[in-house]
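Engineer: First, the structure itself, so that you have it in front of you.
Values in this text are rule-based calculations from the coordinates and carry no lab data. A quick note: this is a predicted structure, and the numbers were derived from the prediction, not measured. FYI the Cβ positions are ideal-geometry reconstructions off the backbone, even for glycines, and counts take in every protein chain you see.
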Amino acid sequence: MSVRFTNPALERKAKAEKRLRIFYFGLCFGYLIVVGKAVTLMSQDNQKLEKIAMSQYRAAIQKFSDRSRVLDRKGQEFAISTPTWSFYSDPREIKNFSETASLLAGVLNIPKETLEQKFKEKRKFVWIKRRVDATTMEKINQLNLNGIYSIKENMRLYPHGELAGSVMGAVGIDSQALGGIELAYDSYLMLNQEPGMYLRDARGQLYLAPPNLESISPKGDVYLTIDKNIQFFAEEALKRAARTYSAKAGVALIMDPETGDIMAMANYPSFNPNQFEKADFNVWRNRAVTDLYEPGSTFKVIVAAAALDHRSIKLDEKFNCERGSFVLEDGEAIHDHDPYGLLNISDIIKVSSNIGIYKVSQRLGREKFYQTIKDFGFGSKTGVDFPGEIAGILRPVQKWRPIEAGTISFGQGIGVTSLQILSAFSAIANGGLRVQPHLVEKIVSKNGETLYQKEHRVLARPIQEETAQILTQILKSVVAKGGTAPLATIEEYPVAGKTGTSQKVDPKRGGYLEGKYIASFVGYAPADHPKLVALVLLDEPQGYYYGGIVAAPVFKEIMLKSLNYLGVPPQGTSSEVLVASKQQSSLSHFGFMKTTTEIKKEGNYFKVPDFRGVSLRQVLKTAGDFPVAMEFKGRGEAISQSPAPGTLVAAGSKIYVEFKPLY
């Protein structure tokens, strides 16, 4: 048997030493963990470390940047950006939801309950109200509310309101382009769009960090081909006529036939891009490029152009218009609005005979007719720099039914846009060249660098120059006494044009809608040296619905104001001598009249004509009786001459003319 004696004092000492050792080892282990963590942090990627460090005091808010300007051809602003303020909240910092909501409701005109509901959302960032004015911003800042902050944003502003609204399009609250030029050229107009970095200072206030300048690509101001004043002329005249005749809609277009520059593109009804959210979406569309219609009698000019250009008919040849009613082999009947007898091509266009133009189309043949239609651009997009353009409807010639070649001749069975018709008549006005239409002239960066410049593009030559000149003489008769559009006559300037009155197609049941018409007029002036070509269209006018009554006066008003505004001198006999000579030479070429060249003579001297834009053949015919020596260089159409037009020269002098191919 063993007996163990203990010493209480020694046991207490041993336990104390044990606890001390445990504490020591624990302290060393903790130190090693801290050191190891420090080494790990120091070895991490700098960007990852920065992200971890910054996460506690920065906030990323999507900031939508400034947009470049949109201007007219003379630098008048159509669309600009202006500063505004937007308010947001961090609900976690709001101590009293009810009190804060009550104070804000009175300033922002937002129901208190709506604001309280926003504050109850479990998010760090909640928009309260976007884009308030400076006065409202100051009132809210004076409240000094916790958790309520403001940031500066840019708001799109259209200084002229509805003017060219359908062309401009619109920009949403977050600077996203919603249509029109804003959408078509968004890549140039949007200067920069990236998350804006807001840093929170020691007091909890947010401030914008410096932007990443390397991410901003070169952008610029967009200059349109549109002239603000001509656009105004077009919109005002169109709106007045549409309201007078209670029309459903309308379009007015004006273009430079030489360059393809669209000077005005008016739509009725239009909308104010500053308040785009209040407009019906159907009002947004640009009907000039998106709406399809059957052109009616304006298309008869395309038939005449094809028949004359292919020498399928003679100018003095007459067609029997059957006293106003003609039954086809399949039993279908074609009617005229008056009982016409024998008419030549000029009279057929002048009085707009359906039967006459049908017979012309039969003489032409469907293959040649179809090709000329295609050459004028129908069935294809014009290529204008605007979103949403449609190509129209033109069935392949192989699928034409026997009657279709006839109905298409007077504008039925084919779908076109207003811009396509305008483009086709521009080709006639400029001597036979179909040019690319444009809405944008150039894009210029902030430092003055030209980022984009439109190019003059000739797309096709549907007819020869001589044909175009003959058509001009025929179209001048339309606005003369006995024609369908005497209301388009302008005393100061000769006008060439054509009326159109077409029934509206029933898209659901086929056929045509009873009592619903589209009235139009398209023409150019001054007829013999056109500066502008214009189209006016009214959809479903009430009461009167003929193009010569409803649309022609609108054309007259717009054209007269525009030419006067551009400073185009009124046309008189003295300024038309050479032009008349050229036209008579063309008519003689087709066997319509004998050549009678007219050259102005003043005493013993002769006044040099203006040969520019004229073919070599025409120069020779015009100068045939001119007692001077002619010297030519190149081929195509005349681009320069020496001496200058109007110079007085003596007999035996030398005149130098240079030519250049245009197509």
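Engineer: Got a sec? How would Val416, Val435 order by Cβ neighbour count within 10 Å, fewest to most?
Structural biologist: Least crowded to most crowded, the residues run Val435, Val416.
Engineer: Stretch Glu113-Ser325 to full length: gain in nm at 0.36 nm per residue minus the Cα-Cα span?
Structural biologist: 69.0 nm
Engineer: Count the net charge of all other residues whose Cβ sits under 13 Å from the Cβ of Gln231, scoring Lys and Arg as +1 and Asp and Glu as -1. Don't jump to the answer; show the numbers that get you there.
Structural biologist: Details: positive: Arg73, Lys74, Lys228, Lys239, Lys561; negative: Asp72, Glu162, Asp227, Glu235, Glu236, Asp261.
Net charge in that neighbourhood comes out at -1.
Engineer: Give the peptides 486-492, 91-97 in descending order of average Cβ contacts within 10 Å, highest first.
Structural biologist: The most tightly packed comes first, giving 486-492, 91-97.
Engineer: Using only Cα atoms, locate the centre of the range 344-385 and the centre of the range 389-450, then give the distance between them in Å, rounded to an integer.
Structural biologist: 13
Engineer: Give me the extension gain from Ala644 to Ala480: residue separation times 0.36 nm, minus the current Cα-Cα distance, reported in nm with one decimal.
Structural biologist: Value of the extension gain: 55.6 nm.
Engineer: Let me ask something else. Once the Cβ-Cβ distance between Asp133 and Arg240 is put in as r, and R0 is 35 Å, what FRET efficiency do you end up with, to the nearest 0.05?
Structural biologist: The computed FRET efficiency comes out at 0.50.
Engineer: Using 7 Å Cα-to-Cβ label points, what is the Tyr605/Ser187 separation (nm, one decimal)?
Structural biologist: Each label point is offset 7 Å from its Cα along the Cβ direction, giving 5.7 nm.
Engineer: Taking Cα centroids, how far is the range 281-318 from the range 104-157 in Å?
Structural biologist: Here the two parts' Cα centres lie 57 Å apart.
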